[in-house]
1. Consider THR94 carefully, then state whether it is surrounded by 12 or more Cβ atoms within 10 Å (Cβ to Cβ), at pLDDT below 90 and more than 17 Å from the chain's Cα centre (by Cα).
2. Can ASP35 be described as more than 14 Å from ARG140 (Cα to Cα), of a type in the set (D, E, K, R) and surrounded by fewer than 17 Cβ atoms within 10 Å (Cβ to Cβ)?
3. Taking the condition in a helix (DSSP H, G or I) and either within 14 Å of the chain's Cα centre (by Cα) or at pLDDT below 90 (or both), does ARG74 pass?
4. Report, by residue number, each residue of the stretch 134-149 that is assigned to a strand (DSSP E or B) and farther than 23 Å from ASP35 by Cα.
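The values are calculated or read from the model by the stated rules, or taken from the named source; none is laboratory data. Since we're looking at a predicted model, the values are computed, not measured. Ideal geometry is used to build each Cβ from the backbone, glycine not excepted, and the neighbour counts take in all protein chains shown.
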Amino acid sequence: MGDSRDGRAIDLVSHSSLHTERLGERLGRSAGPNDVFALSGELGTGKTVLARGVASGLGIDPADISSPTFIILREHGGGRLPFFHIDLYRLEGTDLSNTGWEECLDAGGVTVIEWPDRAGAGLPDDRLDVRLEHIADTKRRVVITATGPRSARLVEELHSSVTGA
C-alpha cells in the first residue's frame with residue numbers, strides 16, 4: 001500500500017456522503033477520455049455516491065446516477081464526456097465477455113466500475129483504484145491508487161486540490 005505522499009496514492013478520510021461525492025466531483029473534473037475508476041469496498045461504503053460525484057464533475061446531473069446493479073451497465077450523456085457506470089456485483093463467477101462492458105473502456109468516455117474484482121484480468125492496466133472502507137457511522141477511509149501514468153496524473157491533480165498545493 002502506497003504512502004499518501006508518494007505521488008501514486010492518496011489515503012484520506014471522508015466524513016460524510018457529501019464529502020465522498022465532492023471527492024468524486026474533483027475526480028470527474030480532472031478526468032479525460034478513456035479514464036477508468038475502479039471502485040471497491042463493501043456494500044454501503046459509498047461507491048455509488050462517489051460515482052455520482054464523478055458524473056457531477058463531468059457536468060451530468062448526479063440525480064440520474066443510481067446503482068446499475070440489475071442492468072450491469074448504464075451510459076449517461078449530456079456532460080463534457082460520456083459517462084459509463086458499470087456494476088459487476090451480480091456477475092461473480094459468470095462469463096463477462098457477453099456483457100459488452102469492455103467496449104466502454106476505449107469509447108472516449110469516463111468509466112466507473114463498481115466491484116472491479118469480478119473483472120479479473122479484464123481491467124485496464126492503467127486505472128485509478130479507489131477503495132472505500134467503513135470507519136464509523138458516516139466516516140469512510142478512501143484509498144486512491146494510480147496503476148499507471150494516466151491515473152498518476154489524476155492522483156497528482158487530486159492531491160493538489162485536496163492539499164491546496
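1. So THR94 fails the test.
2. Criteria not met by ASP35.
3. Criteria not met by ARG74.
4. HIS134, ILE135, ALA136, LYS139, ARG140
Yes/no per residue for (1) within 18 Å of ARG80 (Cα to Cα); (2) assigned to a helix (DSSP H, G or I); (3) among the acidic types (Asp, Glu); (4) in contact with a helix residue (DSSP H, G or I) (Cβ under 7 Å, 6 or more places away or on another chain):
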residue	(1), (2), (3), (4)
ARG22	yes, yes, no, yes
GLU25	yes, yes, yes, yes
GLY28	yes, yes, no, yes
ASN34	yes, no, no, yes
LEU39	no, no, no, yes
THR45	no, no, no, no
ALA51	yes, yes, no, yes
ALA55	yes, yes, no, yes
ILE60	yes, no, no, no
